[in-house]
Every structure is written in C-alpha cells, then in structure tokens.
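Engineer: Dropping a structure here in structure tokens format, bear with me for questions.
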Amino acid sequence: MTYVFQFGIVFDKFPLLLEGALLTIRLAAMAMVLGLIVAVSCAYLRTSGPKPVRALIAAYVEGIRNTPFLVQLYIIYFSLPALGIRFEANEAALVAMVISLGAYATEIVRAGVQSVPKGQIEVGLALGLKRLQIYRFIVLFPAIKAVFPALASQFILLLLGSSVVSAISANELTAIANTLQSTTFRAFEVYIVATLMYFAIAVAFRGFFAAVYWFMFVRGRER
Amino acid sequence: MIKLRFLAAGGAALLALVFGSQTADAQALDRIIKDKKIRITAELTSPPFGILDKDNKPTGSEVETARQLAKDLGVELELVNVTGPQRIPALLSDRADLAISSLSITTDRAKSVWFSSPHGALSIVIGAGKNVNIKSAADLAGKKIGMTRATLEEQVVPKVAPPGTNIVFFDEHSATQQALLSGQVDAIGGAAFLINALAQRNPDKGIESKFTVTTAYYGIAVKPGNYDLLQWVNTWVFVNKQNGVLAKIYKEHTGVDLIELPPL
C-alpha cells in the first residue's frame, strides 16, 4: 500500500470528536439508568403482575428483542410524527435506546429474580410483608447481584450500539466521525481515532461497573 | 542454515506476491483487461443516478454509464454497492477500480482521488414545502436544514447559510428525504433531480425547489497513481461526449438535457 497516514487533520478537529464522545457518554448513561428502571419494573410485573399485564410485558420484550434496532429508531424518528409525536434527533435516540435496553434488561433481571430461592420469599410471606415489599427488600438485591455481569455486558452493548443513531442525525461520536470522514476523506485516520475513543469509553464504563459491584455487593459483606 | 535462508527467501517472495498486488499499480488497465472484469461503485439510493428498478435490478444514469463503459472496454462489470460516504474510501481501499457515482469534482476531493473530465452535471437546490418561506440563502436563518453526508450540498450549503441556520446530517439520501416528508426538518439541500423526483412521488406535500445554490460537474474517479486507467477513462468520456451517448443516458434518466461539459 502506498497510503500515507495524515493524523494532523483529525487532531485539528479533535474538540468536535470530543463533543461527540460526550454526547455518546451522556446518551448511554441516561439510557442505562432509565433502562434499568424500566427493566426492574417490568421484571416485577412479568413475574408477579396480573395475567394481562404479564402478557403485555412479554409482547414488549419479544417485540423489541426480535426486531432490528435501526428499524425501531426509524419508526420513532420518522413515523411517530405522523401521529403527532415529534422527538428531536437526540431525544428520539434516547427513547429508542431506553426502549431497547429495557426489553433486553427485563429478561436479564427476570432471570435473576427467578434464581432467588423460594424459601427466601416464603420467609418474607411468613413475616407478613406485602408482595412489593418482598420484591424490594428480599428479591431485588440478590437478583441484581446474580445477574450483574450480564447486565454490565448489556450496558456496554448499548453503549457501542449507540453508534447507529447517527442515521437519524443525532450528533454523537460516530456521526461526528462520519462528517469528518466525508469532509476530510481521511477515513482510516478518523475511524481509528473514533475506535480508540469508543474503546476508552467502554473500558471506563467497565471500570465503573466493577466499582459499583464492589461497593454494593462486596464491601462490608465479607464477614 | 541453508534451509532457513531458503525459507526466508520463499516467505519474502510470498509476501511480495500478496502485498504487491495491493499497491496502486501503474498497470491497473492491463490488470482489468487481463481479469476481464472491472469493479465500479454503485450508489443505489440516489435517484436518478443510481436506484433499484421494479425488479430490484440496479439502474440509473450512473449505473448505465458504468455498463456502457464496461461494454466499451470489453470486460465484465462488477457493481460494488456503496453508500454516499463510502464512494471515495471504496476506491482508496481497492474495493473498486472506478467510482462512477455522481461524484462532483471539487478541489477537496481531488486531494484524495483523481478525477476524469466531467461526464455529467447537476444543480444543488434547497427544497421545501410550499408554505415554507425561503427565497434566498438569507431566509435559511432559524430553519432546520437536512442534508446527506459526503455530498456536494454538504460542502456548499454551509458556506452560503447565514449564522443561526441549523444544519443536520444524515447518512443516506432516503433518510434526508424522509426527514423532510415527516416534518423533522424545514427544508433539505440536494440535487435538483432529487428534489423534483421527491416532489413528483409526494404530490400532497407540495415540495418545490426554493433556490439554486450552485451548479457542479461530476466525473469518474480513480485511485491516485492509476495513470493508465485515468487516461483511458478520459478518452472514453471524450468519445462518448462527441457521439451523444452520455447525453442520451442523462436525458433518459434525469428527464432534462445535459448541459455543455467543459474538459478537466
């Protein structure tokens, strides 16, 4: 190959890439928090809710898990305005990410909930706790602990999957990289730098999850 | 020891064979003729230049131009599907021999690829619904304008847009057009044909061209270093300009006459 690398052009525009990376982090972090709330609520309703609600949650989970993320994104951004629901590109991206993550994480949390021994729940019943109290105080904690690694992986997948939202003009890291590539034509350089940035963000999130795990489930519980 | 040296020499020869075939070869034309196959980019989401017909077959003025070129060269045509932003990378990464995908000739792009003389021309306009009040570039202020990445409009519209214009970018023409149809943007920048075709397919939206931003010429691009291929392509463009084949293909697909094309 006679290709000459020119990273200078990319570093001139580095502040732009950084801005995109910050939006990626913001979108991912917000989607993780909101998605987890959706997942914990849906997992409860899926296991202990009334029958029609269980069926509804099942339909949501299967519907989302068996359709492409990009198509869901297009529906939210391009199709919902016809029904009078209009999201800005970045909002539409967040909504799509929360809906998608919520579905995947519901299944993960549900697996955790079902792994909690029956005896523990019966203890709660014997103590006269209400269903929601049992879920909140007895089931949720060991459930999340059991599936924490799987949840963390799903969160990282969501972070990396957020690169797709450039398709609806959300201006996150991949979108900025695409624009830089198309104006400078230095495709290799731009994408190499963007890849390294994604890698750094993913590693940072993994470190954060490890810290959360340690603080929540390890520290002070070794006795 | 002798054995080791023999192995090293063999390995080096093998490496040379593998990597030698990757370099920007001065004999690109010979190789294409020898392989009896030429690889040309096809952007199929960009009517009337490249689109899938009713039977899902690639067509459009640029695809037909590619077909004619391959026929005249006497080799088989392999269409390499690309999106707009991939047109130049496809050349540079050796996935295609030629880019024939309405690639407008600009000095910026010429830093990365070599252009032939133009074989077509297009106007970039701002398109929007009838009720949107845009008469000139100054009216773009405060409006949300959609356009596709790696296109000519991406380069020229921001230059004429006044401060306060909100420009957003999509990866595909289809997404940009959908954004206008669903009201996510007030107006879009694009080639005049694209806006016309969009208006015809959606008569209820009342889409019209507001003003012309610029007129540009597009050419065939090769990877830098492929002198012989570029020379042949230039000759091909010259011949087919004179005999009217290019004008015929252009008219058939765009519905308008091809304007006078200056040589590069």
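The values are calculated or read from the model by the stated rules, or taken from the named source; none is laboratory data. Computed from a predicted structure; not experimentally measured. Cβ sites come from the backbone with ideal geometry, for glycine too, and all protein chains shown count toward neighbours. Heavy atoms of the whole protein, side chains included, go into the accessibility calculation; ligands, DNA and RNA do not. Shrake-Rupley method; radii C 1.70, N 1.55, O 1.52, S 1.80 Å.
Engineer: Please work out the Cα center distance from the range A:167-200 to the range B:29-65, rounded to the nearest Å.
Structural biologist: 28
Engineer: Determine ³J(HN,Hα), in whole Hz, for all residues of the range A:109-117 in sequence, where each value follows from phi through the Karplus function 6.51 cos²θ - 1.76 cosθ + 1.60 and θ = phi - 60°; x replaces Gly and Pro.
Structural biologist: 5, 4, 4, x, 4, 6, 7, 6, x
Engineer: Calculate the spin-label point distance for A:ILE85 paired with A:ARG136, positioning each point 7 Å from the Cα along the beta-carbon direction, and give it in nanometres.
Structural biologist: Simple spin-label model gives 2.9 nm for this pair.
Engineer: Which lysines, on any chain, are close to B:LYS34 with Cα under 23 Å apart, when same-chain ones fewer than 8 places away are left out?
Structural biologist: Leaving aside lysines fewer than 8 places away in the same chain, those within reach of B:LYS34 are B:LYS71, B:LYS223.
Engineer: How large is the accessible surface per residue of the protein assembly as shown, computed with a 1.4 Å probe and reported in Å² as a whole number?
Structural biologist: 49
Engineer: In 10 Å bins starting at 0, how do the alpha-carbon pair distances of the range B:132-229 split up by percent?
Structural biologist: For the range B:132-229, the pair-distance distribution reads 15, 46, 26, 9, 4, 0.
Engineer: Okay, next question. Once you compute Rg and the Kirkwood Rh from C-alpha atoms, what is the Rg to Rh ratio for chain B?
Structural biologist: Ratio value, two decimals: 1.07.
Engineer: Go ahead and set up a Gaussian network model of chain B, Cα springs under 10 Å, then flag whichever of B:ASP228, B:ASP139, B:ASP108 fluctuates most.
Structural biologist: B:ASP108
Engineer: List, in the order given, every pair from B:LYS37/B:LYS241; B:LYS159/B:LYS248; B:LYS159/B:LYS251 whose Cα-Cα distance in the structure shown is over 26 Å.
Structural biologist: B:LYS159/B:LYS248; B:LYS159/B:LYS251
Engineer: What nm distance separates the two modelled labels at B:GLU208 and A:THR47, each placed 7 Å from Cα along Cα→Cβ?
Structural biologist: 6.3
Engineer: Shifting gears a bit: Compute the whole-percent fraction of alpha carbon pairs in the range A:124-163 spaced more than 14 Å apart.
Structural biologist: Of all Cα-Cα pairs in the range A:124-163, 60 percent lie more than 14 Å apart.
Engineer: Right, something else. Kindly give the semi-axes, whole Å and largest first, of the ellipsoid equivalent to chain A, taking each as the square root of 5 times a Cα gyration tensor eigenvalue.
Structural biologist: 39, 23, 12
Engineer: Where in the range A:131-172 does the label zone of A:ARG54 land, with the point 7 angstrom along Cα→C-beta and an amide N cut-off under 17 Å?
Structural biologist: Answer for the range A:131-172: A:131-132, A:135.
Engineer: From the convex hull of the Cα coordinates of the range A:1-98, what is the mean projected area in square nanometres?
Structural biologist: Projected area, direction-averaged: 10.2 nm².
Engineer: Another question, if that's okay. Quick check: residue separation of A:LYS145 and A:LEU157 times 0.36 nm, minus the Cα distance between them. What number comes out in nm?
Structural biologist: Full-extension gain reported as 2.4 nm.
Engineer: Let me ask something additional. Per residue of the range A:21-36, what does 6.51 cos²θ - 1.76 cosθ + 1.60 with θ = phi - 60° give for ³J(HN,Hα)? Whole Hz please, x for Gly and Pro, Karplus curve as stated.
Structural biologist: Whole-Hz 3J(HN,Hα) from phi for the range A:21-36: 5, 5, 5, 4, 5, 4, 4, 5, 5, 5, 5, 5, 5, 5, x, 5.
Engineer: Amide H neighbours of B:GLN184 under 5 Å, counting only residues 5+ apart in sequence or on other chains, H built in-plane at 1.01 Å?
Structural biologist: none
Engineer: I'm checking a number: the convex hull volume of the Cα atoms of the protein assembly as shown, normalised per residue, in Å³. What is it?
Structural biologist: 227
Engineer: Go ahead and run the numbers for FRET between B:ARG31 and A:ILE37, Cβ-Cβ distance against an R0 of 56 Å, rounding to 0.05.
Structural biologist: Computed FRET efficiency for B:ARG31 and A:ILE37: 0.40.
Engineer: Taking each residue in B:161-173, count the Cβ atoms of any other chain within 10 Å of its Cβ, then average. What number comes out?
Structural biologist: Mean shielding by partner chains, rounded to a whole number: 3.
Engineer: Would you list, by chain and number, the aspartates and glutamates whose Cα falls below 15 Å from the Cα of B:LYS143, excluding same-chain residues fewer than 8 positions away?
Structural biologist: Output for B:LYS143: A:GLU88, B:ASP186.
Engineer: If you average over every viewing direction, what projected area does the convex hull of the Cα atoms of the range A:88-180 give, in nm²?
Structural biologist: Mean projected area for the range A:88-180: 7.0 nm², to one decimal.
Engineer: What full-extension length gain, to one decimal in nm, is calculated for A:TRP214 and A:THR195 as 0.36 nm per residue of separation minus the Cα-Cα distance?
Structural biologist: 4.0 nm
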